Every structure is written in structure tokens, then in C-alpha cells.
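Peer 1: If you scroll down you'll find the structure; I have some questions about it.
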Amino acid sequence: MKKLIALLLAAMMVLGMAACAKTADTADTPTDSQTDTTADVQQPADAAESTEDTADTAAEPVTIRVFSNLTDRTSGQGLIEQMLFDNYTAENPNVTIEVEALDDESYKTKFKAYASGSSMPDLVNIWCSPSFLDEVVAANVLAPLNADDYADYGFADGSLAGVTYDGQLYGLPRNTDVLGFYYNKDMFEQYGLSVPTTWDELVAVCKTLNDNGVAGIAMDGQDGWVLAHFINCMTGTILGADTYDVMLSSVKNGDYSNPAWETSVSAAAENASVLFQTGFETTDYGTAMNLFVNGQAGMFFMGSWEMSMSPDFAVGHFPMPDVDGDGQGVIGAYNGGGYAVSANSAVKDEAVKLLNYMFRPENWSRLTWENGVCMSAQDFSSYLTGNETELQTEIINDLNNASGITGMTYNDLGSSAYKTICETSTTEVLAGMISVEDYFTALSSAN
């Protein structure tokens with residue numbers, strides 16, 4: 001495990017920023033802090049004890065409004081977030097937390113509406129990437145944080161870079177996200193399939209699954225960011241340690257002449273009909289995941305934030321197979337979304353106290369790991385129990401055995417306008433709607 005933590009720390013230093021994360025939440029209605037969270041989830045040992053941030057019962061009533069992209073409050077990250085809110089209000093009876101939760105795309109749309117007015121909630125979810133944060137920070141929407149407050153919070157070296165502008169911290173990252181393939185072990189055994197280690201082997205596995213009436217990879221193509229992540233991982237197996245630098249340069253300069261780009265995009269476009277289910281370009285996140293969970297696809301490409309899935313079959317995990325066969329590739333990994341405090345919050349100090357409480361190591365970092373939800377952006381080594389699930393162990397091993405990580409994906413390295421054009425064009429090129437040449441023309445002119 002020392003090697004894993006060393007890799008995490010070193011890897012985070014490579015990241016100039018972090019990238020977006022997505023959950024498979026399906027509900028899209030606002031909830032409040034009284035949501036029932038009675039699921040069998042490990043609680044912090046001191047959840048009922050007072051902290052230095054705890055106010056006594058005589059304190060003035062405070063209402064903290066939270067805007068979250070974690071719509072499912074009964075499982076996964078949404079449950080952990082809700083548990084922490086419930087614990088905090090139990091320790092601070094003068095505090096009421098009101099949660100408004102929307103799915104990612106609806107969230108981003110309403111966030112822009114909030115940002116243009118004066119009613120931005122007090123504590124908000126953010127994506128730690130230029131495509132989301134550059135304009136937000138420039139518009140003074142977020143409150144500056146004191147970086148010294150988090151010196152002993154165990155954030156991995158470099159993990160705060162994506163939320164730091166001109167030396168000022170504006171938020172905290174939630175997770176370290178690892179991209180890869182979840183696969184149906186029972187189905188692989190049924191059809192005599194081995195975990196692919198090369199691109200050609202991946203295509204061959206998908207062909208076998210297709211021949212048996214099963215989709216190869218359940219793909220959310222409606223949300224172009226997933227396909228961009230797919231291309232990013234492919235390109236990372238070719239570029240290796242240079243992945244982040246090459247991609248950043250390409251986005252900033254509009255130059256996609258490095259042959260790794262065309263190799264990856266062409267290979268994915270040529271094989272998309274074999275790799276993905278029919279109609280993948282109009283399939284959303286939840287539908288794609290259900291295809292996998294219901295046994296209609298042998299694999300599901302997604303991030304480690306889905307490590308808590310437990311369908312009625314054994315699930316395994318493997319990273320993107322080597323596209324060029326030289327074995328020098330890096331694994332897709334980066335820091336995920338996070339939290340920030342609104343600059344115009346009327347209860348800013350209280351919102352910061354809640355944020356700080358959430359990220360005390362024994363809270364978010366411990367709970368997410370011990371419950372198999374995800375890997376935090378903090379050092380969670382002291383919370384390794386030895387009783388990790390097989391899926392948790394496989395994801396750790398995939399990261400531990402990698403030569404490095406890709407860093408933030410290219411769709412999030414530019415402006416919000418670039419992100420939109422990039423993700424739309426990625427769906428179009430893999431669906432055969434535009435040529436590979438037109439794809440790179442679109443990206444080159446996007447910024």
C-alpha cells in the first residue's frame with residue numbers, strides 16, 4: 001500500500017488541474033437535510049461528539065443552503081454527503097441544512113443562473129477544471145479559503161492545484177478518480193474471455209460478446225464527456241508520461257498534429273459499432289449503466305466513483321488496454337469534483353465551518369473508503385481495513401501497477417465553449433456523423 005500512496009502523491013503533482021466526475025444518480029428533485037439515511041453505512045467513531053466547530057444549543061439559528069449534484073441521497077457519494085450533513089446538524093442543533101440536488105447537466109445550467117444573480121446557495125459543488133472554474137473565479141462567485149486551514153487534512157500533494165488561482169484557494173476537491181472498465185466476470189467466464197491487455201484484444205472481446213447477442217461496452221454517448229474520457233485514456237496508453245503536457249499544449253494552441261491523437265480517435269471511430277451498443281450516441285448515463293447491470297452488456301466504461309455497484313454477478317475492473325502495444329502507457333486518473341463557498345453567502349463563516357467539518361480526514365475520506373464508495377483526494381491510507389471488496393482491491397491494484405496517470409482530460413482543459421464543442425464533436429465522430437479530419441478541425445477552432 002505504500003507504493004499506492006506514493007503513486008497517488010506523485011501523480012497529483014503532475015496534475016495542473018482536476019477534472020469532472022459524474023455519478024449515476026437518477027433522482028432530480030430537491031431534498032433537505034432530513035432525508036432518511038438509515039442504510040447500513042459505517043459512521044465516524046466520533047459522529048456524536050462535539051468538535052471545535054460545534055456551536056452550543058443557545059447559538060443563533062443558522063440555515064445553510066447547499067447546492068449539490070449528488071441527487072441520490074440513499075447510496076454512493078450522495079449518502080455520505082447527507083450523512084455528514086445530518087451528523088453536523090446533530091452536533092450543531094442551531095444549524096439547519098437545506099439541500100437542493102440536481103443531476104449534472106441541470107446543475108450546471110442552474111449554477112449559471114445562480115451565478116448571474118444574488119441568490120447563490122451558501123455551499124456549492126464545483127468541478128475542479130478550467131472549463132468550469134475559470135469563468136466562475138473571474139466573476140468572483142466563490143469565496144477565498146485559507147489554505148493554511150487544511151495543512152493537516154491530508155490532501156495529496158498537488159491535489160489543490162485545480163482549485164487554486166494566483167496562489168488563492170477557492171475550493172476543496174472530493175476524490176481521486178480512476179477511469180476504466182467494469183466487467184461481468186460471470187459473463188467473461190461463460191464465453192471463455194480473458195481480460196484484454198491490448199486494443200486488438202478489447203475489440204475481439206467485444207466481437208465475441210456481440211456474436212452472443214450482448215453489447216460489448218455499455219456507453220453513455222449522450223454525455224460527450226464520457227467518450228472524451230474514453231479517447232483520453234486511449235491516447236494516454238500511447239503518450240505515456242507526456243500525456244498531460246501534450247494534451248494541454250494541443251488544447252491551448254489548437255494543434256492536434258501529434259500522431260497519438262489521430263491513432264486514438266481513428267481506432268475508436270472505426271470500431272465504435274463493435275465496441276458499443278446500438279444507439280450509444282443517444283444513450284444517457286443511467287441507461288448505459290442499466291445495460292451493464294442487467295446483463296445486456298459485458299462491460300461498462302466509467303470512473304471509480306461507481307466502485308460501490310453490486311449487481312447480481314461478480315464485477316471486475318481493468319484499465320484501458322494498450323493501444324500501440326509498447327506497454328508504456330499511463331492510466332486515466334485525476335481529481336474529481338469538489339466543494340466551494342459562495343462569495344455572497346450571508347452565512348459564509350458557517351458555510352466554511354461545514355465545509356471544514358466535511359473534509360476532516362475522519363469524515364469524507366474515511367467514510368467514502370470504508371463504505372467502498374470512492375477514493376478521496378486525501379490520504380486515506382490509515383483507513384485501509386484489510387477487508388476491502390474485491391472491486392476496491394482491483395481498482396487499487398490497477399492504479400498501483402500503472403506507470404503514471406493521465407491527469408485531467410482534454411475536454412476540460414480549455415474554456416467552457418471548448419468543452420461544449422469538444423464533447424459534441426467527440427460524440428459525432430464516434431457515431432460516424434463527422435470525419436476524423438473534421439473532428440480535429442472543430443477542436444482546433446474551438447478556443
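Peer 1: State whether the residues of the stretch 431-444 include one that is more than 30 Å from THR109 (Cβ to Cβ) and open to solvent by 40 Å² or more (accessible area, probe 1.4 Å).
Peer 2: yes
Peer 1: Give the residues of the stretch 132-171 that are buried (at least 17 other Cβ atoms within 10 Å of the Cβ), of a type in the set (Gly, Ala, Ser) and over 18 Å from ALA343 (Cα atoms), sorted by residue number.
Peer 2: Passing the criteria: GLY154, ALA156, GLY158, SER159, ALA161, GLY162.
For (1) at pLDDT 95 or above; (2) on the phi < 0 side of the Ramachandran plot; (3) out of contact with any strand residue (DSSP E or B) (no Cβ under 6 Å at 6 or more places or on another chain); (4) open to solvent by 30 Å² or more (accessible area, probe 1.4 Å), each residue gets a yes or a no:
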{"position": "SER266", "(1), (2), (3), (4)": "yes, yes, yes, no"}
{"position": "ASN271", "(1), (2), (3), (4)": "yes, yes, yes, yes"}
{"position": "GLU281", "(1), (2), (3), (4)": "yes, yes, yes, yes"}
{"position": "VAL293", "(1), (2), (3), (4)": "yes, yes, yes, yes"}
{"position": "PHE301", "(1), (2), (3), (4)": "yes, yes, no, no"}
{"position": "SER308", "(1), (2), (3), (4)": "no, yes, yes, yes"}
{"position": "PRO319", "(1), (2), (3), (4)": "yes, yes, no, yes"}
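Peer 1: Okay, next question. Go through the stretch 398-447 and give me each residue that's hydrophobic (A, V, I, L, M, F, W, C), closer than 16 Å to ASN258 by Cβ and part of a loop (DSSP other than H, G, I, E, B).
Peer 2: Selection gives LEU413 alone.
Peer 1: Also: Return the residue satisfying two criteria in turn: it lies in the stretch 210-229 and is assigned to a helix (DSSP H, G or I) and touching a Leu at 6+ places or on another chain (Cβ under 8 Å), and of such residues it is farthest from ALA333 (Cα to Cα).
Peer 2: LEU227
Peer 1: Name the single residue that is farthest from ARG65 (Cα to Cα) among those in the stretch 327-340 being touching a residue at least 12 places away in the same chain (Cβ under 8 Å) and either basic (Lys, Arg) or not in a strand (DSSP E or B) (or both).
Peer 2: GLN328
Peer 1: Would you mind stating whether LEU248 is among the hydrophobic types (A, V, I, L, M, F, W, C), surrounded by fewer than 24 Cβ atoms within 10 Å (Cβ to Cβ) and part of a loop (DSSP other than H, G, I, E, B)?
Peer 2: Taking the combined requirement at face value, the residue does not satisfy it.
The values are calculated or read from the model by the stated rules, or taken from the named source; none is laboratory data. Only a predicted model underlies this, so the values are computations on that prediction, with no experimental measurement involved. Note that we place each Cβ from the backbone using ideal geometry, even for glycine, and neighbour counts take in every protein chain shown. In case anyone asks, the SASA skips ligands and DNA or RNA and just uses the protein heavy atoms, side chains included. Shrake-Rupley method; radii C 1.70, N 1.55, O 1.52, S 1.80 Å.
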